[in-house]
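Undergrad: Here's a structure for you.
Every number in this text was worked out from the coordinates using simple rules, so none of it is lab data. Not measured: the values here are computed from a predicted model. Quick reminder, even Gly has a Cβ in these numbers, built from the backbone with ideal geometry, and neighbours come from all protein chains shown.
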Amino acid sequence: MGVEICVEGLTKSFGHQVIWQDVSLTLPAGEVSVMLGPSGTGKSVFLKTLVGLLKPERGSITIQGRDITKLREHDLYEVRKLFGVLFQDGALFGSMNLYDNIAFPLREHTRKSESEIRRIVLEKMDMVGLIGAEEKLPGEISGGMRKRAGLARALVLDPEIILFDEPDSGLDPVRVAYLNQLIVDLNAQIDATFLIVTHDIASARQVPDNIGLLFRRELVMFGPREELLTSDEPVVRQFLNGRMQGPIGMAEEKDAAQVEQELAALGDGGKDTQSPGSQAMTPRLLPGPGIPRPPRWEAIARREAALHQKAVAGA
């Protein structure tokens, strides 16, 4: 079972440059959350802060009743065992085959026998579809396979929290679709708390229970998927629809007057002309055949159905 992460008033700076400030959110236990935002808004910095690799200037990160921002290194080391991390490129050791890469955390952090390690490694490789590739080196496989190997390594210590740093980067749309399905299936099977940083809007629409958006050094919104997909917040609509009109510019945020002109040109204050229920809600990915759906899915389905009915009634 995953654990809840409660973030309160978190602020991170590098020198005089504020990355984000006063970020508050709760990652619900066992659910899949996605963090979106333009490039340079500190999404990866947020992941590193959650796991204690970076120290914030202010705020708290509470996990199982402990504020990790105030822990000594020894205690923080113990809390980090709750985490598994999939890095952007898989971060595999190039001189080790996939089996040894995935076995590395078990050999480093446990006293398990090699027979027990083998059982666990093969189990995780099977979960990500890599059985038969144990002897291959990272340089001999595709980018998608490296991602899956990195995910298997993140799973070997049975973490209760898994962080994904742009898992879809460098992958073609078909491999992204397979990876998204794998993430949904894994969450249904192991019930860990997932946080995914991504730029892929299709993934953000289909995979998570919750979505957050960082912009202008702040957390603009964080909440259930359906709330953000039907939000009228200009920066949320711009990002989710991938359009130029809105507060986000090529490098930084745009001048307020320019944003107002662009949104006015779109009509209705920048809102979509179609009713929210007709185009905003993308169907969720469901766990594959034979994988039971977590109980929370029933509540989510009822919530989304009610929102759709409200949208249709108001259209």
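Undergrad: In segment 106-139, whose amide N lies under 12 Å from the spot 7 Å out along Cα-to-Cβ of D100? List them in ranges.
TA: 135-138
Undergrad: Using a Gaussian network model on the chain with a 10 Å cutoff between Cα atoms, which of R72, R107, R205 fluctuates the most?
TA: Most flexible of the set in this elastic network: R72.
Undergrad: Out of all DSSP beta bridges with both ends in the chain, state the antiparallel percent to the nearest 5.
TA: Working: 21 of 38 bridges.
Restricted to the chain, the bridges split so that about 55 percent are antiparallel.
Undergrad: May I pose another question? Each residue of segment 123-132 in order: what ³J(HN,Hα) in whole Hz does its phi give by Karplus 6.51 cos²θ - 1.76 cosθ + 1.60, θ = phi - 60°, with x for Gly and Pro?
TA: My calculation for segment 123-132 gives 5, 5, 5, 5, 4, 9, x, 10, 4, x Hz in order.
Undergrad: Continuing with the same structure: Considering only A305, A149, A204, give the residue with the highest GNM mean-square fluctuation for the chain, with springs between Cα atoms whenever their separation is below 10 Å.
TA: Looking only at A305, A149, A204, the largest GNM fluctuation is found for A305.
Undergrad: Determine, for W297, W20, the number of other Cβ atoms within 10 Å of each Cβ, and report the residues in order from fewest to most.
TA: On the way: W297 15, W20 23.
In increasing order of surrounding Cβ atoms, one gets W297, W20.
Undergrad: Something else: Read phi for every residue in segment 301-307 and hand back ³J(HN,Hα) as whole Hz from Karplus 6.51 cos²θ - 1.76 cosθ + 1.60, θ = phi - 60°, with x for Gly and Pro.
TA: Along segment 301-307, the couplings run 4, 5, 5, 5, 5, 5, 5 Hz.
Undergrad: Counting other Cβ atoms within 10 Å, keep those with at most 13, restrict to DSSP loop, and tell me which GluC sites (Glu not before Pro) in segment 1-98 are left.
TA: Working: sites: E4, E8, E31, E57, E73, E78; in loops: E4, E31, E57.
The qualifying sites are E57.
Undergrad: Say each of E114 and Y178 gets a label point 7 Å from the Cα, pointing the same way as Cα to Cβ; how far apart are those two points in nm?
TA: In this crude label model, E114 to Y178 measures out at 3.1 nm.
Undergrad: Hey, got the dipole for segment 100-225? About the Cα centre, +1 on K and R Cβ, -1 on D and E Cβ, debye to the nearest 20? Please list the in-between numbers first.
TA: Details: 16 positive and 20 negative charges, 37 e Å.
Roughly 180 debye, rounded to the nearest 20.
Undergrad: How large is ³J(HN,Hα), in whole Hz, for each residue of segment 190-204 in order, when computed from phi with the Karplus curve 6.51 cos²θ - 1.76 cosθ + 1.60 and θ = phi - 60°, using x for Gly and Pro?
TA: 9, 6, 7, 7, 10, 10, 10, 8, 7, 9, 7, 5, 4, 5, 5
Undergrad: Still on this structure, I have one more. Using alpha-carbon pairs under 8 Å, 6+ residues apart, how would you state the relative contact order of the chain in percent?
TA: Numbers: 527 pairs, mean separation 65.7, N = 315.
Across the chain, relative contact order equals 21 percent.
Undergrad: Right, next: Can you compute the helix-only [θ] at 222 nm over the chain? Use -39500 (n - 2.57) per DSSP H run of at least 4 residues, normalise by all residues, nearest 500 deg cm²/dmol. Numbers along the way, then the final one.
TA: Numbers: 12 runs with 126 residues, N = 315.
Theoretical 222 nm ellipticity from helices: -12000 deg cm²/dmol.
Undergrad: Compute the Kirkwood hydrodynamic radius of the chain, taking the inverse of the mean of 1/r over all pairs of distinct Cα atoms, and give it in Å to one decimal.
TA: On the way: mean 1/r = 0.0480 Å⁻¹.
Computed over Cα pairs of the chain, the Kirkwood hydrodynamic radius comes out at 20.8 Å.
Undergrad: Normalising by the residue count of segment 138-260, find the relative contact order in percent from Cα pairs under 8 Å and 6+ residues apart.
TA: Numbers: 105 pairs, mean separation 18.8, N = 123.
Relative contact order for segment 138-260 comes out at 15 percent.
Undergrad: For segment 1-158, build the charge dipole from Cβ charges (+1 Lys, Arg; -1 Asp, Glu) around the Cα centre, then report which of G42, I117, I102 sits farthest towards its positive end.
TA: G42
Undergrad: Given a cut-off of 26 Å, name the pairs among K48/K70; K43/K112; K81/K112; K70/K112; K81/K124 whose C-alpha atoms lie farther apart than that in the structure shown.
TA: Values: K48/K70 15 Å; K43/K112 35 Å; K81/K112 16 Å; K70/K112 31 Å; K81/K124 17 Å.
The answer is K43/K112; K70/K112.
Undergrad: With a 10 Å cut-off between alpha carbons and a GNM built on the chain, which of G84, G290, G129 moves the most?
TA: Result for the chain, Cα springs under 10 Å: G290 fluctuates most.
Undergrad: Take K81 and S44, extend 7 Å from each Cα along the Cα→Cβ direction, and tell me the distance between the two endpoints in nm.
TA: My value for the distance between the label points is 2.9 nm.
Undergrad: Note down the magnitude of the dipole of the chain about its Cα centre, charges +1 on Lys and Arg C-beta and -1 on Asp and Glu C-beta and zero elsewhere, to the nearest 20 debye. Mind showing how you got there, number by number?
TA: Details: 36 positive and 43 negative charges, 81 e Å.
Charge dipole, the chain, about its Cα centre: 380 debye, nearest 20.
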